[in-house]
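Worksheet for the structure shown next.
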Amino acid sequence: MLYSEKVMDHFRNPRNVGEIPDADGIGEVGNAKCGDIMKMYLKIDDGIITDVKFETFGCGSAIATSSMATELIKGKPLEEALTLTNQAVVEALDGLPAHKIHCSVLAEEAVRAAIKDYYDKNNIPYNPADFCDHDCEHCGAEH
């Protein structure tokens with residue numbers, strides 16, 4: 001079988017779907033190659049993610065990884081949510097086909113983008129390198 005039962009479950013019954021109108025942080029990321037777009041909304045209270053929702057336009061794996069990522073960060077401190085890796089998302093879903101791993105990377109990036117948005121809106125200092133682990137111009141991080 002190509003997809004694990006967990007992937008199918010999160011695809012058919014995604015958790016935390018929707019938007020948070022008064023979100024404290026919003027992250028939107030996309031992958032032009034596959035056309036997937038993820039938007040992640042965070043409610044943050046005293047440094048803890050009290051609520052998280054997502055809207056994903058994409059394949060089943062993109063929806064499943066978004067759903068699992070929200071489950072993994074809900075109720076967690078921001079510092080812990082920032083350490084979420086795409087590998088952790090894949091493992092929590094009992095694996096993904098190799099050609100769908102990029103979906104889990106998108107989920108990780110959406111979480112980071114939403115946290116960065118929260119930091120930016122509230123003038124909370126952060127290390128730009130925390131938000132960039134690849135070759136990108138926009139973060140300004142030195143690698």
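A few comments on the model shown:
- Normalised by 2.2 N^0.38 Å, where N is the number of residues, the C-alpha radius of gyration of the chain stands at 0.99.
- Exposure proxy ranking, count of Cβ atoms within 10 Å, fewest first, for Val111, Val90, Val17: Val17, Val90, Val111
- Surrounding net charge for Ile48, when Lys and Arg each add one and Asp and Glu each subtract one, Cβ distance under 12 Å: -3
- For region 38-100, the dipole from Cβ point charges (+1 on Lys and Arg, -1 on Asp and Glu) about the Cα centre works out to 240 debye, to the nearest 20.
- Only helices enter this figure: runs of n ≥ 4 DSSP H residues, each worth -39500 (n - 2.57), summed and divided by the residues of the chain, yield -11500 deg cm²/dmol at 222 nm to the nearest 500.
- Positive-end extreme of charge dipole, region 5-126 - chosen from Ala113, Ile63, Gly18 (charges on Cβ): Ile63
- Angle between the chain longest axis and helix 60-73 axis [Cα atoms, degrees, rounded to 10]: 50 degrees
Since every read-out is calculated from the coordinates, none of them should be taken as a lab result. These figures come from a predicted structure and were not determined experimentally. Methodologically, a virtual Cβ is constructed for each residue, glycine included, from the backbone with ideal geometry; neighbour enumeration extends over all protein chains shown.
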